[in-house]
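To keep things clear, I will list the structure first and then write my remarks on it.
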Amino acid sequence: MNIDLSGKTALVTGSTQGIGLAIAEQLARSGARVAVNGRTPARVDEAVAKLGDFDVLGVAADVSTEEGTADLLRALPAVDILVNNLGIFGAVPPLEITDEQWRTYFDVNVLASVRLIRSYLPGMTERGWGRAIQIASDSAIVTPAEMIHYGVSKTALLAVSRGFAKEAAGTGVTVNSVIAGPTHTAGVEDFVYQLVDKSLPWDEAQREFMIKHRPQSLIQRLIEPEEIANMVAYLASPLASATTGGALRVDGGYVDSILP
C-alpha cells in the first residue's frame, strides 16, 4: 500500500523519544510536515536533529497544562493529523497511589488529549478532512495491578476517542485509538528493572519480564516502536477513511479477547 501524506501537517505530542519519535519519523517518511513536541527546547531540538532532512519543526510546550497548550496552539494553530502520544507510567502499589498521583495521571494521560482534540477538531471538520489518533495501551483493557492509575487513564482514553468520533460523524474526520502492547523504549527498560533483578543483562531481563509479568503475549517479546508507528501511519492516511471510533490493537496478541 502507498501511504502518501504529502500536503498534510501532523503533530505528535511527547515525540522526543520512544514511540512518539518513531511515529514522527514514519509520518515524515510518508510525506507529512511533522511537528515534534516535548517540554524542553533542548530535547525538542535533539529530536528534530535525529530526523535529519525530513520536513519537521520543533514545538517545545508542556501540553499537560493549559498554559503549555496555549503556547503550542499559538505556534501551530491548525493540523491535519493529531497524534496524542504523550503519556506517563510507573509502578505503584495499588493502596499507595495518592490523590495527587491520580490527578497527575488524568491530567497528562487524558485531559491533555481532550484539550488538543477540542482545539483542533473544529478546523478539521471545517476543512472536511482530519485524523485524531490517541496512543492507548493494553493496560486500558487488562488493568495491571502494579499501576492501576495508569490503566484507568488509558481506559478513559478509549472512551475519549469513541466519543469524539461521534462528534465528528459524517465530516470526513476520523478519531481512533491505538492499543499499544508492551513496547521496547528507554522508559520501559527502566520499568522492567523495577520488576526484575537489576543485575540481569537486558536480554535476560526482558525475557524474565515477559514470562513473569506479560505471559499473555503471543509474540513473546517487546514490540518495537516502529511497529506502533506503522499502524499510526495507516490510520493517519486516506486509506483508513472508513475506520473511526475504533481501538486498533498493536499488542503482540497480549489482550486475550477478540474485541477490541
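The values are calculated or read from the model by the stated rules, or taken from the named source; none is laboratory data. Note that this is a predicted model, so its numbers are computed, not measured. Neighbour counts are summed over all protein chains in view; Cβ atoms, including those assigned to glycine, are modelled from backbone coordinates with ideal geometry. Keep in mind that these areas ignore ligands, DNA and RNA; they rest on the heavy atoms of the full protein, side chains included. Shrake-Rupley method; radii C 1.70, N 1.55, O 1.52, S 1.80 Å.
Figures for the structure shown
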read-out: Protection-proxy order for peptides 85-96, 138-149, each taking the mean of Cβ atoms within 10 Å per residue, highest first; value: 138-149, 85-96
read-out: 3J(HN,Hα) from dihedral phi, segment 77-84, Karplus parametrisation 6.51/-1.76/1.60, rounded to Hz, x for glycine, proline; value: x, 8, 9, 8, 10, 10, 10, 7
read-out: Value of relative contact order over the chain, rounded to a whole percent, pairs C-alpha under 8 Å and six or more apart; value: 19 percent
read-out: Table column - 3J(HN,Hα) (Hz), segment 124-133, Karplus curve with 6.51, -1.76, 1.60, x for Gly and Pro; value: 4, 5, 5, 7, x, 7, x, 9, 10, 10
read-out: Euclidean distance between Cα centres, segment 8-57 to segment 88-149, Å; value: 20 Å
read-out: Relative contact order %, segment 32-86, counting alpha carbon pairs below 8 Å whose residues are six or more apart; value: 31 percent
read-out: Aspartates and glutamates with Cα under 13 Å of K198, excluding same-chain neighbours fewer than 8 positions away; value: E189, D190, E208
read-out: Inter-label distance for L76 and D256, nm, one decimal - labels placed 7 Å from Cα along Cα-to-Cβ; value: 3.9 nm
read-out: Of all accessible heavy-atom area on segment 128-195, the percent that carbon and sulfur account for (1.4 Å); value: 57 percent
read-out: Only Lys, Arg (+1) and Asp, Glu (-1) charged, at Cβ; segment 120-260 dipole about Cα centre in debye; value: 520 debye
read-out: Counted charge near G58, where neighbours are those whose Cβ lies closer than 10 Å (Asp, Glu -1; Lys, Arg +1); value: -1
read-out: Accessible area per residue, Å², segment 159-260 with all protein chains present, probe 1.4 Å; value: 49 Å²
read-out: Under the Karplus curve 6.51 cos²θ - 1.76 cosθ + 1.60, θ = phi - 60°, whole-Hz ³J(HN,Hα) for segment 39-56, x wherever Gly or Pro sits; value: 7, 10, x, 4, 5, 5, 4, 4, 5, 4, 5, 5, 7, x, 8, 5, 7, 10
read-out: Above-threshold pairs, the threshold being 31 Å between Cα atoms, out of K50/K212; K8/K166; K50/K166; value: K50/K212; K50/K166
read-out: Degrees, to the nearest 10: 148-167 long Cα axis against longest axis of the chain; value: 20 degrees
read-out: Cβ-based net charge around T16, under 11 Å, with every Lys or Arg adding one and every Asp or Glu removing one; value: +1
